[in-house]
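Encoded as structure tokens, the structure appears first; notes follow it.
The values are calculated or read from the model by the stated rules, or taken from the named source; none is laboratory data. Fair warning: this is a prediction, and the values are worked out from it, not measured in the lab. Glycine gets a Cβ as well: all are built from the backbone with ideal geometry, and neighbour counts include every protein chain shown. Note: areas computed on protein heavy atoms with side chains; ligands, DNA, RNA excluded. Shrake-Rupley method; radii C 1.70, N 1.55, O 1.52, S 1.80 Å.
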Amino acid sequence: MFFSDGQRRIDFVLVYEDETKKMTHKRIDRKKQKRKRQVYESNLINNGLQLEATRSVLDEKLVFVKVHAPWEVLCTYAEVMHIKLPLQPDDLKTRESAFNWFTSLFRVDENIIKPEQEFFTAPFEKEHLSNFYIQDKDTFFNPATRSRIVHFILSRVEYATKNNVKKFGINKLLDSGIYKAAFPLHDSSFRHPSTDPACPSERYLLYREWAHPKNIFKLQPLDFIRKYYGEKIGIYFAWLGFYTNMLIVAAFVGVGCFLYGCLTKDNCTWSQEVCDPNIGGNIIMCPQCDKVCTYWNLTSTCESSKKLCIFDSFGTLVFAVFMGIWVTLFLEFWKRRQAELEYEWDTVEYLEQEEQVRPEYEAQCTHVVMNEITQQEEHVPYTACGKCIRMTFCASAVFFWILLIIASVIGIIVYRLSVFLVFSATLSRHINGTQAIHKYLTPQTATSVTASLISFVVIMVLNIIYEKVAILITDFELPRTQTDYENSLTTKMFLFQFVNYYSSCFYIAFFKGKFVGHPGNPVYWLGKYRNEECDPGGCLLELTTQLAIIVGGKAIWNNIQEVLLPWVKNLIGRYCADARSEKIVPRWEHDYHLQPIGKLGLFYEYLEMVIQFGFVTLFVASFPLAPLLALFNNMLEIRLDAWKLTTQFRRMVPQKAQDIGAWQPIMQGIAILAVVTNAMIIAFTSDMIPRLVYYWSFSVPPYGSHSSHTMKGYINNTLSVFNISDFRNASKPSSPWFGNQTTCRYRDFRYPPGHQHQYEHNIYYWHVIAAKLAFIIVMEHVIYFVKFIISYIIPDVSQKTKSKVKREKYLTQKLLHENDLKVVKKTMGKIADKIIKGVDSTFRPKSE
């Protein structure tokens with residue numbers, strides 16, 4: 001961790017390949033690269049940094065340049081970067097929570113990882129150095145802060161000038177291959193603590209008390225994570241842990257609703273009618289496709305109707321309302337928690353004070369404009385017209401890719417329509433339905449499962465392609481700061497992912513089986529493919545299948561991509577290194593052979609979790625167990641991400657972050673949309689509303705024949721009658737008709753043949769439509785009203801946090817500004833005394 005003198009701490013490491021030993025480039029290119037590197041390192045020294053080069057133990061071509069920032073450099077740039085540092089210990093008394101005894105059972109042992117002492121802080125100023133809480137100059141700037149300051153310098157030192165344009169920054173040198181890597185060091189091995197008593201072995205403690213699977217039920221040591229990795233990593237794990245804890249309540253209620261469905265499925269009257277050989281066994285259904293499909297018996301859907309009773313129950317309605325309220329509670333309480341972290345981690349005024357302009361933006365600043373506020377000239381990379389052209393191009397590119405996804409979804413729909421004909425021919429269902437396999441492997445099931453798998457593969461392929469396109473578009477857009485860059489990229493990626501992941505679910509939930517016409521006049525896609533129909537039980541079970549395949553497949557794929565691949569790469573690297581040498585390998589070389597974290601950092605972890613958040617909230621009415629699966633996944637995800645960071649990746653450059661960025665408004669948008677989608681799933685995808693309309697209106701006179709409200713006769717009442725002689729030649733099934741029946745049944749609310757309005761929608765249909773629209777309006781307004789009340793009642797910032805912020809501002813003013821006044825008064829007092837003494841001596845009579 002130190003230079004060869006054992007005194008100067010290594011704050012950063014640069015790695016390059018010795019140009020004299022390179023064989024892959026031309027000699028002229030090697031000389032140019034060497035010259036640029038030498039100029040860059042010379043400028044680093046001129047900026048006050050100290051360098052020490054060491055050749056690799058394992059590969060003589062590699063050279064490691066260790067970088068150290070002296071005290072003066074740290075103080076200078078801490079002031080430039082407005083870094084907040086301790087003034088004095090926090091003296092506010094905190095009241096312990098009533099649940100402290102319970103949470104202490106899940107906290108990390110304080111004897112192993114000691115709690116961080118809390119301080120009041122202020123932006124660092126060299127002239128007020130004596131006012132800051134400095135006990136030891138070596139520890140005043142912690143390793144994370146030191147690395148951040150050094151990276152700030154590395155990103156802004158120039159290495160060449162071409163056509164009067166300065167080229168600077170470590171990122172460009174890495175991209176051009178002049179340097180192979182640049183990273184801060186881990187402080188120890190994760191397997192065992194350092195033998196050096198001066199080394200804190202924080203990496204080892206993080207692995208043992210945070211990343212290890214044995215800690216899966218423990219709370220995370222967030223302050224310790226922030227201290228080692230910085231605020232950006234810390235706030236991600238704080239958010240993920242908070243989200244996971246909130247899922248416990250949602251999972252508990254979801255399991256309760258699922259168990260309610262399991263317990264009441266035997267009392268499901270309409271399912272009993274489907275399975276009853278005297279009712280469902282006597283109902284012959286019309287073919288669901290042209291020519292190839294044949295007539296089939298309603299009892300063949302008996303098993304799926306039993307499963308549907310579990311998910312399509314009254315408990316689903318209760319759970320959908322609960323989740324609409326839960327998501328609001330989650331977002332409001334997270335705002336409070338985030339405000340606490342902003343204060344505790346000194347990021348309250350970060351964006352306004354500390355965040356610097358991206359080097360890529362600075363390099364392109366060739367245009368001069370007048371600042372409206374300061375009335376001074378400043379340099380920008382493009383004019384107003386140029387910015388408009390860039391934004392138009394970027395928006396068009398994003399729109400094009402979204403259209404491409406929609407085209408792929410249409411392609412999958414066409415696949416579903418065409419392959420259904422094939423499965424109907426090869427898995428033809430006979431009227432008697434005696435074969436056991438036909439209970440489970442129906443043409444609808446086979447089509448749904450294969451289409452879901454193909455949809456998953458298409459989603460993953462498009463993800464890989466669009467990821468590169470989104471980065472290129474955002475680079476061309478040229479955002480000013482890193483936060484602007486990440487927010488812009490986040491918005492583009494999420495728009496794409498939203499359409500990519502959710503489009504197939506929206507199709508099944510709200511379009512499939514809704515516009516099919518009737519057997520005598522079916523609706524065709526593109527004039528060729530007959531529109532899909534749902535099973536007599538509806539499309540809810542198919543939506544559940546689609547969700548299970550996408551969510552499950554996505555979780556497996558992400559874990560393979562995020563965990564297995566880095567582990568295999570590091571395993572191969574360690575094997576090759578062990579084969580080459582048995583020498584003692586220094587820490588910087590160990591870290592070099594770990595995997596780089598990537599330019600986007602935790603972007604994909606956030607994206608994965610927010611997409612999951614969408615599945616948990618948008619379509620939860622079709623799958624009450626989604627929060628439970630998300631809870632199990634997240635408990636594992638926290639430890640996998642922690643394991644990956646501590647064992648498989650180089651240490652990230654610590655970065656500040658005030659909040660979770662653009663993900664917050666995205667989740668708020670999902671929360672609003674979730675109320676609408678769940679209300680529409682219950683109204684249009686499930687059969688809850690038609691069943692309620694039948695129970696309360698059409699089971700009793702004047703429409704029904706029962707003396708009291710009942711669900712008996714529901715199946716017969718909701719299946720319309722069709723005369724087989726009314727088939728068009730293009731739709732008439734080619735298989736022969738057995739029996740003496742002249743009619744078949746289909747799922748709709750239409751008048752029977754012979755009626756003056758035959759095959760037109762009947763009064764039941766209009767009652768159901770009115771009830772569905774009324775239900776959506778009432779449910780939306782009730783939940784939105786409750787959400788508004790909750791948002792109003794719960795303040796974004798707690799009173800305790802407000803008090804701490806006020807106390808810190810008061811201390812800052814008192815210590816920094818009032819001390820200045822005292823110095824001024826003291827100085828002015830001395831001057832006044834001298835003047836008075838001078839006057840006295842002038843007018844005093846001379847002594848004789």
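Could you look through the stretch 719-736, keep only residues that are hydroxyl-bearing (Ser, Thr, Tyr) and in contact (Cβ under 8 Å) with a residue 60 or more places away in the chain, and pick out the one that is most open to solvent (accessible area, probe 1.4 Å)? Looking at the filtered set, the residue picked out is Ser734. Being touching a Phe, Trp or Tyr at 6+ places or on another chain (Cβ under 8 Å), closer than 30 Å to Ile464 by Cα, at pLDDT 75 or above and open to solvent by 40 Å² or more (accessible area, probe 1.4 Å) holds for only one residue in Val620, Val610, Val551, Val523, and it is Val551.
Tell me which residues, restricted to the stretch 486-544, are of a type in the set (Gly, Ala, Ser) and within 25 Å of Cys309 (Cα to Cα). Matches in the stretch 486-544: Ser504, Ala509, Gly513, Gly537, Gly538.
Can you spot a residue in the stretch 267-286 that is farther than 14 Å from Ile715 by Cβ and surrounded by 18 or more Cβ atoms within 10 Å (Cβ to Cβ)?
Within the stretch 267-286, the subset farther than 14 Å from Ile715 by Cβ is 267, 286.
From the residues that got through so far, the ones that are surrounded by 18 or more Cβ atoms within 10 Å (Cβ to Cβ) too are 286.
Yes, there is a match, as at least one residue in the stretch 267-286 is farther than 14 Å from Ile715 by Cβ and surrounded by 18 or more Cβ atoms within 10 Å (Cβ to Cβ).
Of all the strands (runs of 3 or more DSSP E) wholly in the stretch 1-106, which have at least 3 residues that are open to solvent by 40 Å² or more (accessible area, probe 1.4 Å) and at pLDDT 85 or above?
50-55
Considering the stretch 120-239, the qualifying strands (runs of 3 or more DSSP E), each wholly inside and each with 2 or more residues that are open to solvent by 20 Å² or more (accessible area, probe 1.4 Å) and in contact with a helix residue (DSSP H, G or I) (Cβ under 9 Å, 6 or more places away or on another chain), run over 158-162, 165-168.
No other residue among Thr545, Thr491 is open to solvent by 40 Å² or more (accessible area, probe 1.4 Å), touching a residue at least 40 places away in the same chain (Cβ under 8 Å), hydroxyl-bearing (Ser, Thr, Tyr) and within 30 Å of Leu417 (Cβ to Cβ) apart from Thr545.
Identify all residues within the stretch 692-703 that are touching a residue at least 12 places away in the same chain (Cβ under 8 Å) and open to solvent by less than 30 Å² (accessible area, probe 1.4 Å); write none if there are none. I'd like the intermediate steps shown before the answer.
Applying the first criterion (touching a residue at least 12 places away in the same chain (Cβ under 8 Å)) to the stretch 692-703 yields 692-699, 703.
Of everything in the stretch 692-703, those that are touching a residue at least 12 places away in the same chain (Cβ under 8 Å) and open to solvent by less than 30 Å² (accessible area, probe 1.4 Å) turn out to be Val693, Tyr694, Phe698, Ser699.
Going by the conditions given, is Gly704 out of contact with any Lys or Arg (no Cβ under 6 Å at 6 or more places or on another chain) and either of a type in the set (A, V, I, L, M, F, W, C) or in a loop (DSSP other than H, G, I, E, B) (or both)? Steps first, answer last, please.
Numbers: out of contact with any Lys or Arg (no Cβ under 6 Å at 6 or more places or on another chain): yes; either of a type in the set (A, V, I, L, M, F, W, C) or in a loop (DSSP other than H, G, I, E, B) (or both): yes.
Yes; evaluated as a whole, the condition is true for this residue.
In the stretch 249-260, the residues that are on the phi > 0 side of the Ramachandran plot and among the polar types (S, T, N, Q) form no Cβ pair under 7 Å with any partner that is open to solvent by 40 Å² or more (accessible area, probe 1.4 Å) and assigned to a helix (DSSP H, G or I), whether six or more places apart or across chains.
Thr490 - would you say it is under 15 Å from Ile670 (Cα atoms) and of a type in the set (Val, Ile, Thr)? It is true that Thr490 is under 15 Å from Ile670 (Cα atoms) and of a type in the set (Val, Ile, Thr). Checked against (1) open to solvent by less than 70 Å² (accessible area, probe 1.4 Å); (2) of a type outside the set (Asp, Glu); (3) modelled with pLDDT under 70, Thr445 meets all criteria but (3).
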